[in-house]
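Enquirer: One structure, pasted below without further comment.
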C-alpha cells in the first residue's frame with residue numbers, strides 16, 4: 001500500500017491562535033478522501049500547507065512522496081489544485097486556458113495539443129474551443145477546471161468546494177469525473193458543504209476547531225455515531241463548537 | 001388574486017446582451033410568507049432580487065413590491081425593503097457598530113429604534129462591535145449584513161444566497177433565525193442553491209436558466225416527479241451504478257448520498273413489481289447487499305426531472 005498523502009501531527013499557529021492542531025491523516029493512492037469541517041475549522045489552512053503554500057509550524061506532511069516543507073517545488077509539480085471560484089481565466093478561451101496551464105506545468109507543445117484535444121473531447125466541448133471561459137455555465141466551467149487541473153497527470157488533486165452552486169445534474173456528473181480520475185490512480189482530496197457528496201467518498205475526516213474529530217469510511221462514521229446520514233454525524237460533531245465559538 | 005401580495009411578478013423578462021437572465025417569470029409572494037427561490041447559479045435568482053430591490057429595470061413585464069411598481073415607485077420601495085446581496089457589501093473599513101449606525105441613518109432611523117428587531121442576531125456579534133467589518137469571520141459578516149438589512153424595520157426582507165459556502169451547521173442556525181424573523185410578521189424572500197434548504201420555506205419557486213420550473217409548497221414539489229421512485233443500495237457502488245444504467249427500462253439513475261435513486265419507464269406496472277424486477281436483475285450481477293425500496297421523491301428528484309436531466313449546454317455545443 002502506498003500513501004499519496006502522509007500527514008503527521010501537522011500544526012499551524014497564527015500568533016496565539018492554533019488554526020491546525022496536530023492533525024494526522026493518511027490517504028492511499030487512488031482514494032477519494034473527503035476533508036470536511038465547519039467554516040473556520042482549519043480546512044483551508046491545512047490544504048494550504050499540503051499544497052506547499054504555507055509553512056507548517058510543527059509536524060510533517062508528505063504529498064506524492066515529497067516533504068511539503070523542504071521539497072515544496074517537487075510537491076507542486078505532482079499535484080493539481082482547483083478552488084471553488086478562481087481556477088481558470090474568464091477572459092481567455094477554453095483553448096487558451098489549456099495552453100496557459102499546460103505551459104505552466106511544463107508540458108511540450110505536442111503534449112498540450114494531444115491532451116487538450118482529449119480533454120475537450122471528453123467534456124463534449126468541441127464546439128466551444130474558442131469560447132471565452134467566462135461565457136460558459138458554472139457547471140461546465142467547474143468540469144473544465146477539474147480537467148485542466150489533471151492536465152499534467154498529477155498524482156494527487158486537491159478540490160476545494162468544487163461543486164458549490166452547481167446544478168444537481170452537473171454536480172453528479174462532476175462526481176463521476178472524480179471517480180474516473182480515482183480509477184486511473186489519481187488520489188482525490190476534496191472538500192464540500194454538500195453532505196450527500198460526503199457519502200460518495202471512500203473515506204472522510206471531519207475537522208472541528210483545528211483537530212480531526214472523526215475519520216473513517218462513511219459507513220464506519222455512521223455506525224460509530226449511530227446516525228442515519230453523514231449530515232447528522234457532521235451536525236453532532238460541529239454544532240457544539242459552532243455554539244461555543246460564536247462564528 | 002395575482003395582483004396583491006408583497007411581491008407580484010408578471011411575465012418579467014430581463015436580458016443582458018445575448019444572455020437571457022429571466023424568461024417571462026411570473027410569481028406572487030403572500031404576506032408573511034417565507035418564500036424560497038431555489039436553483040443553481042445561472043438560474044436568474046440574483047437578477048430577480050435586483051429587480052425587486054429596484055436596482056435593475058426589467059425589459060418587459062411588470063413587478064410590484066409592497067404594492068408599488070419597481071420602475072415608477074422605486075424610492076417608496078427602497079425605504080421599506082431590506083436587501084442582503086449575495087456578495088459582502090458592507091464597509092470593510094468601518095467597525096461593526098459604525099456600519100449599523102450608517103445604514104440606520106441612511107434610512108432616517110437609529111440603531112436604538114431598530115434594536116429590538118435585530119437583537120437576536122446582533123447580540124451574537126455585539127462583543128465585536130469595535131472590530132472592522134473586513135476583519136470578521138464569514139459567519140459574523142453574514143450576521144452583520146443581516147442586521148444592517150433589518151435595522152430600518154423593513155416590511156419585506158430580500159436575502160440573496162445567504163447560506164452559500166456556509167457549512168451545514170451554520171446553515172441550520174441561519175434558517176432557525178429566519179423562522180424567528182418570520183414569526184415577527186416579516187415577509188421573507190430568500191434564495192439558495194441547496195435543494196435541502198427548500199424544505200424550510202412555506203413555498204418555493206424552482207429556477208433554472210431564467211425560467212421558473214415550478215412553484216409550490218415543498219411537500220407538493222416532490223409529487224411533481226412523474227414516476228414511482230426507488231432507493232437502491234448495494235456494493236460495490238460503481239458496479240451497481242453501471243448495472244442500474246444498463247437496465248433496459250431505466251428512466252433515471254442518480255446518486256443520492258449512500259443510495260441511488262432509480263425510476264423506471266414502465267409506469268403502468270405496480271411499484272412493488274418494478275422493485276422485485278430490479279432486485280432480481282441486480283442479484284444476477286454478483287452485487288452484495290442489494291436492497292430496493294420505494295421512496296417518496298424529494299425536491300432534488302423533482303428538480304432534476306423538471307430540468308429534463310439536461311444541464312445547461314454551452315453555446316456552440318451540440319446537445
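The values are calculated or read from the model by the stated rules, or taken from the named source; none is laboratory data. Values in this document were obtained by computation on a predicted structure and should not be read as measured data. Cβ atoms come from the backbone with ideal geometry, glycine included; neighbour counts cover every protein chain shown.
Enquirer: With a cut-off of at least 3 residues that are surrounded by fewer than 17 Cβ atoms within 10 Å (Cβ to Cβ), name the helices (runs of 4 or more DSSP H) lying wholly within the range A:1-110. Quick ask: steps written out before the conclusion?
Expert: On the way: elements: A:43-50, A:72-77, A:94-104.
In the range A:1-110, A:72-77, A:94-104 are the helices (runs of 4 or more DSSP H) which contain 3 or more residues that are surrounded by fewer than 17 Cβ atoms within 10 Å (Cβ to Cβ).
Enquirer: Criterion first (in contact with a helix residue (DSSP H, G or I) (Cβ under 7 Å, 6 or more places away or on another chain), under 30 Å from residue A:206 (Cα atoms) and within 14 Å of chain A (Cβ to nearest Cβ)) does residue B:190 satisfy it?
Expert: no
Enquirer: So, one more: Out of all the residues in the range A:150-168, which are within 14 Å of another protein chain (Cβ to nearest Cβ) and touching a residue at least 12 places away in the same chain (Cβ under 8 Å)? Even if it seems obvious, please write down each step before you answer.
Expert: Let us first name the residues in the range A:150-168 that are within 14 Å of another protein chain (Cβ to nearest Cβ), namely A:160-168.
Result: A:160, A:161, A:162, A:163, A:164, A:165, A:166, A:167.
Enquirer: Quick one: is residue B:232 crowded, with 21+ Cβ neighbours inside 10 Å, in contact with a helix residue (DSSP H, G or I) (Cβ under 7 Å, 6 or more places away or on another chain) and in contact (Cβ under 8 Å) with a residue 60 or more places away in the chain?
Expert: Details: crowded, with 21+ Cβ neighbours inside 10 Å: yes; in contact with a helix residue (DSSP H, G or I) (Cβ under 7 Å, 6 or more places away or on another chain): yes; in contact (Cβ under 8 Å) with a residue 60 or more places away in the chain: yes.
So residue B:232 passes the test.
Enquirer: If the requirement is being farther than 30 Å from residue B:17 by Cα and either touching a helix residue (DSSP H, G or I) at 6+ places or on another chain (Cβ under 7 Å) or free of Cβ contacts under 8 Å to residues at least 24 places away in the same chain (or both), which of these qualifies: A:126, A:91, A:109? Give the steps one after another, and end with the answer.
Expert: Working: A:126 fails: farther than 30 Å from residue B:17 by Cα; A:91 fails: farther than 30 Å from residue B:17 by Cα.
So the residue among A:126, A:91, A:109 that is farther than 30 Å from residue B:17 by Cα and either touching a helix residue (DSSP H, G or I) at 6+ places or on another chain (Cβ under 7 Å) or free of Cβ contacts under 8 Å to residues at least 24 places away in the same chain (or both) is A:109.
Enquirer: Identify the single condition in (1) in contact with a strand residue (DSSP E or B) (Cβ under 9 Å, 6 or more places away or on another chain); (2) within 26 Å of residue B:205 (Cβ to Cβ); (3) surrounded by 14 or more Cβ atoms within 10 Å (Cβ to Cβ) that residue B:151 does not satisfy, given that it satisfies every other one.
Expert: Unmet for residue B:151, out of (1) in contact with a strand residue (DSSP E or B) (Cβ under 9 Å, 6 or more places away or on another chain); (2) within 26 Å of residue B:205 (Cβ to Cβ); (3) surrounded by 14 or more Cβ atoms within 10 Å (Cβ to Cβ): (2).
Enquirer: Return a yes/no flag: does the range A:121-131 have any residue that is modelled with pLDDT of 90 or more and within 24 Å of residue B:44 (Cα to Cα).
Expert: For the range A:121-131, residues modelled with pLDDT of 90 or more and within 24 Å of residue B:44 (Cα to Cα): present.
Enquirer: A further question on this structure: Do you know which of the residues in the range B:241-258 that are surrounded by 13 or more Cβ atoms within 10 Å (Cβ to Cβ) and more than 9 Å from chain A (Cβ to nearest Cβ) is farthest from residue B:305 (Cα to Cα)? Talk me through it step by step, then tell me what you get.
Expert: Filtering the range B:241-258 down to residues surrounded by 13 or more Cβ atoms within 10 Å (Cβ to Cβ) leaves B:241, B:243-244, B:247, B:249-258.
If we keep only those that are more than 9 Å from chain A (Cβ to nearest Cβ) too, we end up with B:243-244, B:247, B:249-253.
Details: B:243: 21, B:244: 17, B:247: 19, B:249: 16, B:250: 14, B:251: 10, B:252: 9, B:253: 11 Å.
That would be B:243.
Enquirer: Mind counting the residues in the range B:155-171 that are part of a helix (DSSP H, G or I) and within 14 Å of the chain's Cα centre (by Cα)? Please lay out each step first, then the result.
Expert: Here is the first cut: in the range B:155-171, the residues part of a helix (DSSP H, G or I) are B:168-171.
Still in the list and also within 14 Å of the chain's Cα centre (by Cα): B:171.
The number of residues fulfilling the criteria is 1.
Enquirer: When residues of the range A:184-220 are filtered for being surrounded by fewer than 19 Cβ atoms within 10 Å (Cβ to Cβ), within 11 Å of chain B (Cβ to nearest Cβ) and within 16 Å of the chain's Cα centre (by Cα), how many remain?
Expert: Number satisfying all stated conditions: 1.
Enquirer: For the structure I just gave you, tell me whether residue B:127 is surrounded by fewer than 18 Cβ atoms within 10 Å (Cβ to Cβ) and within 13 Å of chain A (Cβ to nearest Cβ).
Expert: Details: surrounded by fewer than 18 Cβ atoms within 10 Å (Cβ to Cβ): yes; within 13 Å of chain A (Cβ to nearest Cβ): yes.
So residue B:127 fits the description; yes.
Enquirer: Now for a different question. Only one of A:125, A:159, A:155 is surrounded by 20 or more Cβ atoms within 10 Å (Cβ to Cβ) and more than 21 Å from residue A:53 (Cα to Cα); which? Step through it out loud before you land on a result.
Expert: Details: A:159 fails: more than 21 Å from residue A:53 (Cα to Cα); A:155 fails: more than 21 Å from residue A:53 (Cα to Cα).
Matching residue, one of A:125, A:159, A:155: A:125.
Enquirer: If residue B:62 satisfies every condition in (1) surrounded by 15 or more Cβ atoms within 10 Å (Cβ to Cβ); (2) over 22 Å from residue B:29 (Cβ atoms); (3) out of contact with any helix residue (DSSP H, G or I) (no Cβ under 8 Å at 6 or more places or on another chain) but one, which is the exception?
Expert: (2)
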